[in-house]
Structures are given as C-alpha cells and as structure tokens.
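Worksheet: the structure to be examined is printed underneath.
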Amino acid sequence: MQTLGLIGGISWVSTVDYYKLINEGINEKLGGLNFSQCIIYSFNYEDIKKNNDANDWEKTFQMLYEACKHLKSSGATAILLCANTMHHIADRLEKEIGIPLIHIATVTATEIEKTGLKKVGLLGTKFTMELDFFKSKLIDRGIETLIPDDEDRDFVHMTVFEELGRGIVTEKTKKRYLEIIDKLIENGAEGIILGCTEIPMVIKPEDVTIPTFDTVVLHSKAAVAFSLKQ
C-alpha cells in the first residue's frame, strides 16, 4: 500500500472527513482490518488565513513546502492538500517536492467530464471562485464555469471561515446557499461544484435539483485509488 501524506488543519473540520472517507474507502476495497497508511500534518489555520488575507501566498507556499518535505521524509509517496483553496499553489508544490500531488480540481474535472456536462457552477472561498487554479482545470476539459455575483461570493466566503470552518451549520445559511445555487441554475449551470471542503456540511445532493460534485468525496476516492496502486 502506498503511503499518503495529508496536509490538514485547513480546516480541521474537513480534515476529519478526509481521514474518515479514505479509511472507509480502503476498507471497502480490502476488507478485514485494512485501513489507510497515511501521515497527517495539521496546520493552525489562523496562520494560513493571515497569509492569504494579506495576499502573501509566498509565505503560505513556504509553510506548505516545509510540511510536504516532512511528509516525504517520513515515507509519503503522494501529497493530498485537504482544502480547495490551497491548490492555488499545488502545481508549484508538486514540481518542488518531486512526488505526486493529487490535485482536487483535476479529479473533479475528470468526474464532470464523465457526465458530459459543459457548464457548472462553482462555490468556494473567494480565492477558489475568483482565481484561475480551479477553473483552468475545467477549461482544459471544455467545461465552462459560472460563479456567483460579488455579494453572494462575499457571503459564501464569510460563512466558510466564520461558520463552516468552525463546525457551525445553520438553516439560515443553508437557505441562502440554496438561493445562490438557484441563481446559478437560472444562468445555465448544469451541475454545482461544492468547491470548498466544508460546503458539504450545509449542502447535500438531495437539496439540489441538478448534480452536485463533492470535492472532498472525489478527492478522497482518488487518494484511495492511488494508495492501492501497485
């Protein structure tokens, strides 16, 4: 079994989901007492958020690079960044560390391509919605991305950090998310990407009338597949 290096704490809430899903996925494939062989490096999210809010991605890169080096030296044969936003620096990290980094947007784009959908809505932090690192992987597959308007992007971003990232889920926030999704559908979205690892806490597939793509689930499945490669 390959050893996964998970970079978590960004946030810890979704890191728990990754650990659970990957272990369940390994056990589903192998049975018995077989579970994931993995190492977790968990950050204090406040340190990362300060860098990103200051647009100091270089400092964030250096922090994640050092974490990757620790994981690699401990035996990890692939890296998993347990957050969508951190994939802004994923391609550079993979180049520098010299082992595979399983990219969350790539595995999501692959899944959407299988469905034949050509236009999808993307929810996530403002970094994920506004920067190109996620959307470019979709464009490479001929998939158009729609994002919410300014006010709605501000709301989603705020709730990720002030509510969901702290494990807080409210009906009021869920109602607003569904209204935002309805606007994306009205604008032609054929599917919705839950492009922040905390968003599945508040939005479930049955809440939406079109397909949803849970990036945590898809990313975890890709990690399981890598783990079991010979």
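Residue by residue through the range 112-119, what is 3J(HN,Hα) from phi via Karplus (6.51 cos²θ - 1.76 cosθ + 1.60, θ = phi - 60°)? Round to whole Hz and write x for glycine and proline.
Once θ is set to phi - 60°, the couplings for the range 112-119 become 5, 4, 4, 7, x, 5, 10, 9 Hz.
On a 1.4 Å probe surface of the protein chains, which of TYR41, TYR65 comes out largest in accessible area, and what is the full order?
Highest to lowest solvent-accessible surface, that is TYR41, TYR65.
In terms of modelled amide H atoms, which long-range or inter-chain residues lie less than 5 Å from the amide H of LEU123?
ILE193, GLY195
Could you derive backbone 3J(HN,Hα) for the range 52-57 from the dihedral phi with the Karplus parameters 6.51, -1.76 and 1.60 (θ = phi - 60°), listing whole Hz in sequence and x where the residue is Gly or Pro?
Calculated HN-Hα couplings, in order: 5, 5, 8, 6, 9, 6 Hz.
Considering only protein heavy atoms, what is the solvent-accessible area of ASP91 at a probe of 1.4 Å, reported in Å² to the nearest 10?
90
Counting helices only, and only those DSSP H runs with n ≥ 4, report the 222 nm mean residue ellipticity of the chain as the sum of -39,500 (n - 2.57) divided by its residues, in deg cm²/dmol to the nearest 500.
-16000 deg cm²/dmol
Given Cβ point charges of +1 (Lys, Arg) and -1 (Asp, Glu) and nothing else, what value in debye, to the nearest 20, does the dipole of the range 105-214 about its Cα centre take?
220
Please find, in a Gaussian network model of the chain (springs between Cα atoms separated by less than 10 Å), the residue of ILE39, ILE139, ILE203 whose mean-square fluctuation is greatest.
Evaluated over the chain, the most mobile residue of the options is ILE139.
Rounded if a/c is under 1.5, else prolate if a/b beats b/c, else oblate: with a ≥ b ≥ c from the C-alpha gyration tensor eigenvalues square-rooted, which is the range 105-214?
prolate
May I ask you to give the solvent-accessible area per residue for the range 105-214, in square angstrom, as obtained with a 1.4 angstrom probe?
Here the residues of the range 105-214 average 45 Å² of exposed surface.
Report, in debye and to the nearest 20, how large the dipole of the chain comes out about its Cα centre when Lys and Arg carry +1 and Asp and Glu carry -1 on their Cβ.
With only Lys, Arg, Asp and Glu charged at Cβ, the dipole is about 760 debye.
If I compute solvent accessible area with a 1.4 Å probe over the protein chains, what percent of it on the chain is carbon and sulfur?
For the chain, the apolar C and S fraction of the accessible surface comes to 50 percent.
Among ASN51, GLY31, PHE134, which residue has its Cα positioned farthest towards the positive end of the charge dipole of the chain, with +1 placed on the Cβ of Lys and Arg, -1 on the Cβ of Asp and Glu, and the dipole taken about the Cα centre?
Result: GLY31.
The values are calculated or read from the model by the stated rules, or taken from the named source; none is laboratory data. Fair warning: this is a prediction, and the values are worked out from it, not measured in the lab. Because the Cβ atoms are built from the backbone with ideal geometry, glycine has one as well, and the counts that use them run over all protein chains shown. Just so you know, the surface numbers come from the protein's heavy atoms only, side chains and all, with ligands and any DNA or RNA stripped out. Shrake-Rupley method; radii C 1.70, N 1.55, O 1.52, S 1.80 Å.
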